[in-house]
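Inspection log for the structure reproduced underneath, given as structure tokens.
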Amino acid sequence: MRNMSVVTRFILTGLPHAPALDIPLFGIFLVIYVLTVVGNLLILLVITVDSHLHTPMYYFLANLSFIDMWFSTVTVPKMLMTLVSPGGGAISFHGCVAQLYSFHFLGSTECFLYTVMSYDRYLAISQPLRYASLMGGRACALLATTTWLSGSLHSAVQTTLTFRLPYCGPSQIQHYFCDGPPILRLACADTSMNERVIFVNIGVVASGCFLLIVLSYVSIVCSILKIRTSEGRCRAFQTCTSHCIVVLCFFVPCVFVYLRPGSKDAEPLDGVVAVFYTVITPLLNPIVYTLRNKEMKAALWRLGSHKDVLPH
């Protein structure tokens, strides 16, 4: 990542908004951030201590909660800083590199994990008799490890392509965190090749994962319709609806920001749309997977009432 950059720090301009909204927005996003961290920590705690939840679905949910907790932490504190700092929030050059890598690492890992979770639900509903053998502990660990390694590789490509270019000013990033498109606009070199490769890289990951998720849920719906009892169909639909809500809130804004025509051009709206997958989605997971899940609510009740969470 050697280049001729003379910029030693960047200025994050933050979300486009009226100055009078600084304090209200700071309070709203601070509350959301605290709820996100506490909610995901609570899910991790419950899944860890309650043996009733030691199943593949909750194993992947624990991974998702861990990712969301840090995904929010990578972006929201800097956003809060831009709301209280005159002229925006400063971030060092190397801090910007670390933030972009962490953001894409956690974001792409979450993308892969959603795909794995949809595959897990497909096996649970479509292959119930073979589910236990197909999704044993070793298979779950292998799938989870693959998602993390794939996310790391994807992020390394994004970060290298972005910061191999020289940056010699200006240093104002039109966003509330360091991301590829707004940073590339500041490069003192031709960025067309970098933009094309990044577009293809993100496009392959996002469209590939989304296609696999859609295929999984088409198969799931076909299997659900074969269930004879209305109670069984209702329970299966409820399990899958939670996943679909979060997936759509994650993928749709990402497609708008990264894969729409002209996405490389400056768009103040990009920062607003990015709030959905950097702030809202990490909060949705603890809400959706607890308030809509009877097993999780039962586990929370057992934990709160100090009942035995280990098998007898």
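Which of GLY39, GLY136, GLY151 moves most in a GNM of the chain, Cα contacts under 10 Å?
GLY136
Identify which of ASP270, ASP22, ASP179 has the largest mean-square fluctuation in a Gaussian network model of the chain, with springs joining Cα atoms closer than 10 Å.
ASP22
Given the options ILE280, ILE47, ILE224, state which has the largest fluctuation in a GNM of the chain using a 10 Å cut-off (strictly under) for Cα springs.
ILE224
As a test of the formula, what do you get for the chain when each DSSP H run with n ≥ 4 contributes -39,500 (n - 2.57) and the sum is divided by the residue count, at 222 nm and rounded to the nearest 500 deg cm²/dmol?
Working: 11 runs with 216 residues, N = 312.
My calculation for the chain gives -24000 deg cm²/dmol from helical runs alone.
Might you report the magnitude of the Cβ-based charge dipole of region 9-301 about its Cα centre, with Lys and Arg at +1 and Asp and Glu at -1, to the nearest 20 debye?
Numbers: 17 positive and 13 negative charges, 149 e Å.
Using Cβ point charges on Lys, Arg, Asp and Glu, region 9-301 gives about 720 debye.
What are the principal axis extents of the Cα atoms in region 1-61, in Å, biggest first?
53, 42, 15
Using only alpha-carbon positions, what ratio does the radius of gyration of region 8-130 give when scaled by 2.2 N^0.38 Å? It would help to have the intermediate numbers written out before the result.
On the way: Rg = 18.5 Å, N = 123, 2.2 N^0.38 = 13.7 Å.
Dividing the Cα Rg of region 8-130 by 2.2 N^0.38 Å gives 1.35.
Can you tell which of ILE287, ILE198, LEU106 lies farthest toward the positive end of the dipole of the chain, using +1 and -1 charges on the Cβ of basic and acidic side chains (Lys, Arg; Asp, Glu)?
After comparing all options, I get ILE287.
Short version: what are the Cα gyration tensor semi-axes of the chain, square root of 5 times each eigenvalue, largest first, in whole Å? Each step should come with its number before you reach the end.
On the way: eigenvalues 282, 100, 58 Å².
Working through the eigenvalues yields semi-axes of 38, 22, 17 Å.
Between SER207 and HIS52, what is the label-to-label distance in nm when each label sits 7 Å out along the Cα-to-Cβ direction?
4.5
Any chance you could run the full-extension gain for LYS297 through PHE199? It's 0.36 nm times the residue separation minus the Cα-Cα distance, nm to one decimal.
Numbers: separation 98, 0.36 × 98 = 35.28 nm, distance 4.09 nm.
Full-extension gain reported as 31.2 nm.
Quote to one decimal, in nm, the extra length available between GLN238 and GLN172 on full extension: 0.36 nm per residue of separation minus the C-alpha distance between them.
That works out to 19.2 nm of additional length.
Here, each number is a calculation from the coordinates, and none is a lab measurement. Bear in mind that the values here come from a model prediction, so they are computed numbers and not experimental data. When we count neighbours, we look across all protein chains shown, and the Cβ atoms used for this are built from the backbone with ideal geometry, even at glycine.
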